[in-house]
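*Asks:* What follows is a single structure, and I will ask about it in a moment.
The values are calculated or read from the model by the stated rules, or taken from the named source; none is laboratory data. Everything numeric here is computed off the predicted structure, so don't read it as measured data. As a convention, Cβ positions derive from the backbone with ideal geometry for all residues, glycine included, and neighbour counts pool all protein chains shown.
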Amino acid sequence: MTAVRELRRGRIGRSLAEMHYHLRTDGDTPARKAGAVFAGVLVGCSPLYGLHLPMCIGIAQLARLNIVITYLAAYVNNPLMAPLILYLELGVGSWLFSGRWPMLDLDELHAVDLWVPVCELVIGSVVVGLVLGAVLAAITWWFSRRSSHEPFIQNLIEVTARDYLHTGIFNWEYIRGKLRYDPLYLGLLEAGILPQRGRLVDLGCGRGLLLALLQTARGLRGQGVWRSDWPPPPGKIELIGIDAHTKKVAVAREVLSGAASIVEGDLIHYFPPSCDVAVLLDVLLYLEPYWQQKLIARVVTALVPGGILLIREADVDAGWRFTLTRLAERLCAVGRGQWRRRYYYRSIAEWRGLLEGHGMRVTTRPMSAGTPYANVLIQATKTTLSAC
């Protein structure tokens with residue numbers, strides 16, 4: 001019976017995930033998002049309380065708009081905003097009918113035929129809904145255009161994230177959002193930093209995002225689907241990931257089964273195998289300075305001559321951008337319930353000095369395009385003279 005219940009639970013979970021996927025991705029273009037916001041606000045401003053949900057579903061289906069966005073936009077008329085919106089609608093309707101703004105006077109309201117304010121409210125709700133909907137739709141379109149990607153990149157993102165859907169809705173949302181808004185992962189492919197063959201070790205791989213992206217990229221390239229102005233993705237490179245988080249490791253193993261080797265372990269005690277590339281992406285800030293230095297020394301030892309170490313960290317010397325980055329990390333820690341989590345940042349100059357002390361040749365590039373953060377990608381290449 002337990003096995004049967006688990007099977008049913010798994011089927012229900014997959015069905016819910018598929019439903020969520022379609023609700024989230026239907027009409028996922030700037031124009032259709034703007035249309036969904038416009039329709040939702042128009043419905044939300046109507047005085048037909050209690051019917052907003054079926055109205056949103058009906059309009060979204062007829063116009064092929066995203067139902068979730070449409071209904072969320074309708075919630076502009078929430079309990080906090082409802083009194084103000086009703087007053088604006090009544091005022092606009094009164095002004096259109098009689099050329100004056102209504103006074104909030106009970107004696108005046110008692111003297112007016114009830115049919116008059118009802119008509120004014122209906123007309124006012126249409127006008128307010130049209131104007132407010134148009135404004136919010138324009139804002140939505142503008143932001144969507146800025147954050148949208150060309151079809152090739154969008155397909156690369158969606159195919160990679162789709163593999164995570166069966167592991168849970170949160171995992172899918174996380175991977176999809178990370179690829180869409182964090183410039184790091186697509187930036188590595190576009191820059192052609194990673195070699196075509198050899199071994200790559202992702203230290204602190206989490207859910208295996210980078211490894212999954214590389215697997216998707218070489219799959220698409222094999223199908224002849226690739227941008228001509230991008231270098232080819234790593235084609236024959238062995239993928240290894242390590243992370244201490246048991247649940248994340250389980251997700252990575254499920255998604256990357258057969259494509260990558262995922263190890264569960266603490267980086268403090270991990271000795272990487274010989275490799276051509278090692279990556280530490282947003283990882284070192286969680287380690288105390290002593291362990292940062294120890295781990296980097298082990299990685300340098302493991303790298304073959306000419307091997308590359310890629311590190312992304314926030315630059316302490318980046319002013320307000322670093323302050324904002326640190327605040328974002330703190331909020332994330334609070335969200336995970338890690339109230340006392342400590343972070344250990346360095347300036348890029350300090351990272352450079354540490355790596356050059358091991359004989360590494362270091363270059364840096366900003367890696368926070370499109371975001372206000374202070375992230376920098378550090379590329380350290382092992383020379384034949386590198387030593388620990």
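*Asks:* From 314, 297, 318, grab the single residue that is part of a loop (DSSP other than H, G, I, E, B) and out of contact with any Gly (no Cβ under 7 Å at 6 or more places or on another chain).
*Replies:* Matching residue, one of 314, 297, 318: 318.
*Asks:* Then there's this: Taking the condition of being touching a Leu at 6+ places or on another chain (Cβ under 7 Å) and at pLDDT 75 or above, how many residues in region 77-118 meet it?
*Replies:* Of the residues in region 77-118, 3 are touching a Leu at 6+ places or on another chain (Cβ under 7 Å) and at pLDDT 75 or above.
*Asks:* Are there any pairs, at least 6 apart or on different chains, whose C-beta atoms fall under 9 Å, with the first in region 85-100 and farther than 11 Å from residue 121 by Cβ and in contact (Cβ under 8 Å) with a residue 24 or more places away in the chain and the second crowded, with 20+ Cβ neighbours inside 10 Å and of a type in the set (D, E, K, R), and if so, which?
*Replies:* 96/120
*Asks:* Same structure again: Quick one: is residue 21 more than 15 Å from residue 126 (Cβ to Cβ), assigned to a helix (DSSP H, G or I) and modelled with pLDDT under 90?
*Replies:* Taking the combined requirement at face value, the residue satisfies it.
*Asks:* If you check 349, 374, which single one turns out to be small (Gly, Ala, Ser), farther than 21 Å from residue 202 by Cα and touching a Lys or Arg at 6+ places or on another chain (Cβ under 9 Å)? Write out each step before concluding.
*Replies:* On the way: 349 fails: touching a Lys or Arg at 6+ places or on another chain (Cβ under 9 Å).
Going through 349, 374 in turn, the sole match is 374.
*Asks:* Follow-up. List the number of the failed condition for residue 139; all other conditions in (1) more than 14 Å from the chain's Cα centre (by Cα); (2) among the hydrophobic types (A, V, I, L, M, F, W, C); (3) surrounded by 15 or more Cβ atoms within 10 Å (Cβ to Cβ) hold.
*Replies:* Residue 139 satisfies all of (1) more than 14 Å from the chain's Cα centre (by Cα); (2) among the hydrophobic types (A, V, I, L, M, F, W, C); (3) surrounded by 15 or more Cβ atoms within 10 Å (Cβ to Cβ) except (3).
*Asks:* Mind checking which residues of region 226-247 are out of contact with any strand residue (DSSP E or B) (no Cβ under 9 Å at 6 or more places or on another chain) and surrounded by fewer than 20 Cβ atoms within 10 Å (Cβ to Cβ)?
*Replies:* Correct list: 226, 227, 228, 229, 230, 231, 232, 247.
*Asks:* Can you tell me which residue within region 335-361, out of those that are at pLDDT below 90 and over 18 Å from the mean Cα position of the chain (by Cα), is farthest from residue 291 (Cα to Cα)?
*Replies:* Step one: of region 335-361, the residues at pLDDT below 90 are 335-341.
Add one more test, that the residue is over 18 Å from the mean Cα position of the chain (by Cα), and what stays is 337-341.
On the way: 337: 24, 338: 20, 339: 22, 340: 19, 341: 16 Å.
For region 335-361, the residue satisfying everything is 337.
Residue-wise test of (1) closer than 18 Å to residue 352 by Cβ; (2) among the hydrophobic types (A, V, I, L, M, F, W, C).
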{"residue": "289", "(1), (2)": "yes, no"}
{"residue": "302", "(1), (2)": "no, yes"}
{"residue": "308", "(1), (2)": "yes, yes"}
{"residue": "315", "(1), (2)": "yes, no"}
{"residue": "321", "(1), (2)": "no, no"}
{"residue": "324", "(1), (2)": "no, yes"}
{"residue": "331", "(1), (2)": "no, yes"}
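*Asks:* Please go through region 282-299 and pick out each residue that is hydroxyl-bearing (Ser, Thr, Tyr) and under 30 Å from the mean Cα position of the chain (by Cα).
*Replies:* Correct list: 286 only.
*Asks:* When you scan region 166-282 for strands (runs of 3 or more DSSP E) that lie fully inside it, which ones turn up with 2 or more residues that are out of contact with any Gly (no Cβ under 8 Å at 6 or more places or on another chain)?
*Replies:* 197-203, 236-243
*Asks:* Now a separate question. Could you look through region 216-243, keep only residues that are under 15 Å from residue 197 (Cα atoms) and among the β-branched types (Val, Ile, Thr), and pick out the one that is nearest to the chain's Cα centre (by Cα)?
*Replies:* Residue satisfying both the conditions and the ranking: 240.
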